[in-house]
């Protein structure tokens, strides 16, 4: 039976071999992909990498504030984590009248 040190040395050797094999395979995969892009004339937009597509996505408008800190004027929409100035206090006192 192999000792702990022998097994550790084998593991390190295998990990190094695994890293080298991965690097070689990734390099080959990238070369294959680049060649196919050239062969078929594929554009970044077709692959979904265009920044134009992201710019067209509509943004959600910010929610209107629901609570206000009378001392500092800070506001909170009521969504997400409550701010420190509201923690442990009655929220009804801080409601903004519409």
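Rounded to the nearest 500, the helix-only mean residue ellipticity at 222 nm of the chain stands at -16000 deg cm²/dmol, with each DSSP H run of n ≥ 4 adding -39,500 (n - 2.57).
The overall shape of region 4-56 is oblate: from the C-alpha gyration tensor, with semi-axes ordered a ≥ b ≥ c, the ratio a/c is 1.5 or greater and a/b is no larger than b/c. On C-alpha positions alone, give me the angle between the axis of helix 4-40 and the longest principal axis of the chain, in degrees, nearest 10. On a 0 to 90 degree scale, this one is about 80.
Normalised by the number of residues in the chain, the average gap of Cα pairs under 8 Å and 6 or more apart makes the relative contact order 16 percent.
Each semi-axis of the equivalent ellipsoid for the chain is √(5λ) with λ an eigenvalue of the Cα gyration tensor; in descending order they amount to 55, 32, 7 Å. Could you list the residues of region 76-98 with an amide nitrogen less than 17 Å from a label point located 7 Å from the Cα of residue 69 in the Cα-to-C-beta direction? What the label zone holds, given the 17 Å backbone N cut-off, is 76-96.
Every number here is computed from the coordinates shown, using simple stated rules; none is lab data. For clarity, every value in this text was computed on a predicted model and none was experimentally measured. Please note: Cβ atoms are built from the backbone with ideal geometry, for glycine as well, and neighbour counts cover all protein chains shown.
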